[in-house]
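Have a look at the structure below before the remarks.
Nothing in this text is a laboratory measurement; each read-out follows from the coordinates by a stated rule. None of these values were measured; they are calculated from a predicted model.
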Amino acid sequence: MFVAVTVARDAVREGGCRMDRDDDAVPIAELLDERRHLLDVAYWMLGSSSAAESIVDETYRRWFALSDHTRARIASPRFWLAKVTGGICLGRLALPDSGSACAGEDRTGSSGAEGKAMLEKEISGTLLDALDFLPPAEQAAFVINDVFEVPHTVADIVRQPGPGFPEPADDARRSLRARRALHTAPEQHDAVVGAMRQACATQDEALMMSILAPDVTAFFDGGGKIRALVKPVRGNTHVARSLLTLLPRHPRTALNTQSVNGRTGLVVRYDHVVAAIISLDVANRHVIHVWAILNPDKLRTWNDPGPTRP
């Protein structure tokens, strides 16, 4: 299991509305390992895969509910997220009948014996921090329920509603694509996508910037379920750096050209699992829009067993 913590962000950005910058980007391997780790923590504590998914979704909701300024000051996002996950699990365990809700699943862990052993080394620290991390009302509810065994419903306290996560709007996407200046022939589109793959594979920033239009815009759809960029990135310099940061060379990562919604796009696999789908809009031999889908829910159909995609 990947256990290294995220490197601290040096720059503290001002609050308020802004576009995500390329220095906010995180390598896709780190994003996926982070989410898998949180799922392992939640599963270890609750013994339920479905409950773990729910807990991790709530963890990311709380992350994205923070202001940009607050997130930028968190030196280790992975550690912060693990504390929140542990805290939510403790609150869930304090609910009446919480044990029976998870009893139907085998608590064997999702990473094998070695992964489970490594997780157990980390879990004690997470648990120690988690209770302190709970808001006062949740701490009280946990103590009342779990320690003194006094019946008390705390669902309204623990299950805090999270904010919605706006994804790139379909109407905006259609509008932007309708503004393409010229129709691009399939062979020309394929050549640009192939060059983009080469730029990513070789980490060639100059090549990538030559492919991107000066006013290119990139959208990263994580659906609030992974710590991807939230707001659009604009300009060929920033887009190039954000993509090269997201897709560094890694022995467990593969980047291939493949049919995506009827046109050639890029498919990113991590440990043979589809981790991202990248579609490109091309005009005048340059990429004018980048659409990166990293939302695990939207990638499920790509990872379901079935016939090989064309």
Whole-Hz couplings from phi, Karplus 6.51/-1.76/1.60, listed for region 206-215; x for Gly and Pro: 5, 4, 5, 5, 6, 8, 7, 5, x, 9
Zero-based 10 Å bins, Cα pair distances in region 170-303, whole percents: 12, 47, 36, 5
Using θ = phi - 60° and Karplus 6.51 cos²θ - 1.76 cosθ + 1.60, couplings along region 290-300 (whole Hz; Gly, Pro as x): 10, 10, 9, 9, 10, 4, x, 5, 6, 9, 4
Residues whose placed amide H lies under 5 Å from that of V282, excluding near-sequence neighbours: I288
Note, ³J(HN,Hα) from phi for region 183-193, Karplus 6.51, -1.76, 1.60, rounded to Hz, x at Gly and Pro: 6, 9, 5, x, 5, 6, 4, 4, 5, 5, 5
